[in-house]
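To start, the structure under review is shown below, and the notes come after it.
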Amino acid sequence: CTHCGRPNHDVSRCYKLHGYPDRPTVGRDRGCGRTLTGRSASVSAHPTQSGASFDDSGPSKPLSIMDFTPEMLQRLMSIVVSSKTPTEKLCGTVSSKHSWLLDSGASQHMTGTVSLLSNIRTIPPCSIGLPNGDRTLAIQCGDVRLTSLLLLTNVLYVPSLTCNLISISQMLCSNNCMAVFNNSNYFLQDLQTRRMIGQGVEHEGVYVLCQSVSVNVTHGSSSFNLWH
C-alpha cells in the first residue's frame, strides 16, 4: 500500500485511508445485544480474504459489569470467595484459643476468650469488623499478661472472635519495644534496656507469639540466646 506501507493490500482497500468497517454485534441469542469490542472479536469476525490483512490495534472499550453474562458473574464471585482463604487461615487453623497472632492491620488487641483477661472493665460499645465481613460490638476490655516481660492492655473482648489478635502498633507503643521479623520468626526488644522481651514463629503465613520464653541476655553484646 502506498499510503500506509503495509503489505497484502493496495491503497483502494487501505483501512487507515478509508476507515475501519463497523464491528459486529454478537450474542443476541443469549440476551446480549452489545457490540463486542475486544481484539479476539475483531479477528474472528473479519477473517482475511485472498491474503489480505488489516490493523486491529485500535483502542478497545473497557469492560463494564453489563458486559458479563450471569455465568461469568457467578465464576467471578467464586473467585472472590476463594480469595478469603488467608483470612480464614488467620482465624481458623492456628491451634488453640490460647494462641496469639500478630496483626499489622488491627488497631486494637482482641480476644474471643474472656477467661484470658484480667482487670476486666466495661467500655462504651465499640463496633468491630469480623474477618467474615460481619460486624459485632465489644463492650468489655481487660489486660493480658503474655510473659513476665510482655503485657497487653486494653484488650477488647469480642465473643464471636475465634482467635486472639495482637495489634502490632499498639503493642510496640505500650511496651516501648521494637519488632524484628524474618521469614521464620520474629523478636521483640525493649528500646530502653535492649532486653529481649518476646519472640514468635511463622506458622502457615501468620506470626504466632511464643508465650513460654526464656531469655538470656549478654550485656554489651548484640547476640541473644533464646529458647522455648
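The values are calculated or read from the model by the stated rules, or taken from the named source; none is laboratory data. Computed from a predicted structure; not experimentally measured. In this analysis, Cβ positions are derived from the backbone assuming ideal geometry, glycine residues included, and neighbour counts consider all displayed protein chains.
Within region 162-181, restricting attention to residues that are at pLDDT 90 or above and over 17 Å from Leu146 (Cβ atoms), which residue is surrounded by the most Cβ atoms within 10 Å (Cβ to Cβ)?
Phe181
Can you list the strands (runs of 3 or more DSSP E) lying wholly within region 124-201 that have 1 or more residues being touching a residue at least 60 places away in the same chain (Cβ under 8 Å) and more than 19 Å from Ser107 (Cα to Cα)?
135-147, 185-190
Can you spot a residue in region 118-138 that is closer than 24 Å to Asp190 by Cβ, more than 20 Å from the chain's Cα centre (by Cα) and not polar (S, T, N, Q)? First the steps, then the outcome.
Initially, region 118-138 is screened for residues closer than 24 Å to Asp190 by Cβ, giving 118-119.
Retained after the next criterion (residues that are more than 20 Å from the chain's Cα centre (by Cα)): 118-119.
When the remaining residues are screened for being not polar (S, T, N, Q), the result is none.
No - not one qualifying residue is present in region 118-138.
Name every residue in region 146-155 that is surrounded by 14 or more Cβ atoms within 10 Å (Cβ to Cβ) and farther than 25 Å from Pro124 by Cβ, in order of residue number.
Leu146, Thr147, Leu149, Leu150, listed by residue number.
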